[in-house]
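Coordinate-derived values only; no laboratory data. All figures in this text were calculated on a predicted structure; none of them were measured in a lab. As a convention, Cβ positions derive from the backbone with ideal geometry for all residues, glycine included, and neighbour counts pool all protein chains shown.
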Amino acid sequence: MSYPPEGQHQPPYRPQGQNPQQPYGAPYGQQHGQQHYGQEPYGQQQYGQQPPHGQEPYEPYEPYEPYGQEPEPAPRRRSRARRWVIAGVAVLALAGIAAGVMNHYEIPPFTDKGAAVSFGGAPAGDGGKNAAPQAANSKMLMPTGPQAEFKNSMTLPDGTHVAVTTLDGKKSGFKGKVWVWAPKEYNDPKFAKSGFPVMIALPGGAGYPSNYWMGTDLGLQTSIAKWYAEGKSKPFILAMPVLNPGPDDKGVYWDGSDIPDQPKMGTWLTEDVPDLVKANFRTVKSRDGWAFMGSSTGGFAGLKAVLKHPDKFKAVIASGPDIVPDSSLWKGHDKEKAENNPEVLAKQLIDRKGPDVYLAFQVGDSENNKKTLPDVQKFIATFGNKGPVHTELRIIKGGQHNAKTYVPNMGEGPIQYISKVMEGPVE
């Protein structure tokens, strides 16, 4: 907000009791006919004194003041210019307060929320058919189009934007919101011909109708920028879709999967959302530029997505995740449930010897679900660092089951772990 510093726009300070400046050259008490107490006015005699011979008797000064009371000073004038200055300052102060209030409540034109956002390098409207040809050995994928309509959700201090669009998933049939953010390097001329790595960030809980990673209180975007500047992280483009097709107020969730007779949330997350990013951003052609991260149910969905589609995604940061699918919607669909079980998928990947995946786990030792840490440790003991399944575990001392625990600790190990094996920016 653009509030002025406290105390700015106040009228100039005047010590208590000090009078406005008198006209130049006239001592105090002699302006506008005012009597200076204790002296005679010019041409008058003291009260009760006889006039000179030949003059009419002098009428006493009326009305006289009661004994011991000073005469009331004549009204003082405030200059017109001073009145205008004070009025102008008051108007400016009120305008500043009003602008701040309208910015807080996101009322245009005092906020850019809702404004159209272009991330640069707009894709060709024909799906890239007329785009300049790329070298055959290029690792970068130009935006394929069509261009989505992004609206600004928030502007960060470095000038970058978190923008939102409503994606009508062509492959899943599900329609929902996706928030995106690109680091400032994306529009740096130095990287104008570079493709950037992508991280799909999934929330826990309902994950609907918003994705909490896009909020400023968690600082995921600013953390990615900070970690990149520190040499810890790749400069990831973030895609933050809704996780579920509806609220879980009745304890129902979809495990980020294609459950029979339900919205195809697995296809939404692993095909429609990546297609949106490819259509609008310069990305990395291979799976070496694609990763997931998530917490709780989102951690499970990201873990499962990488193990189920290792040809598309290379790594995941799973924070406080479930290890096996447990949605009540799987009832009567045991075969499909097994096909979305990370334990089953990890064994299958080991049996067929690849491709390599990198699974970075982080779990608090004070999680409300006391089974979370033992379940993750059991998974790592069974499948971790066997063949193509590479794992790392960070146990957060005092860590609880929430995103405010997970974000800062990502920078203490997990983000470095996956960044070392991923690519980008690439040409």
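Data overview
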read-out	value
Relative packing of peptides 254-266, 361-373 - highest average C-beta neighbours within 10 Å first	254-266, 361-373
Segment 249-368: translational diffusion in µm²/s, Stokes-Einstein, Kirkwood Rh over Cα pairs, 10 °C, 1.306 mPa s	106
For segment 232-279: span of alpha carbons on each principal axis (Å, largest first)	39, 22, 14
Simple spin-label estimate for residue 343 and residue 249 in nanometres, 7 Å along Cα-Cβ	3.5
Rounded to whole Å, sorted largest first: equivalent-ellipsoid semi-axes of segment 261-313, Cα gyration tensor	19, 14, 10
Along each principal axis, Cα extent of segment 128-198, largest first, Å	36, 35, 20
Gyration tensor (alpha-carbon) shape descriptor, segment 363-427, a/c threshold 1.5	oblate
Spherically averaged projected area of segment 345-386 from its Cα convex hull (nm²)	3.2
Rounded if a/c under 1.5, otherwise prolate or oblate - segment 195-294, Cα gyration tensor axes	oblate
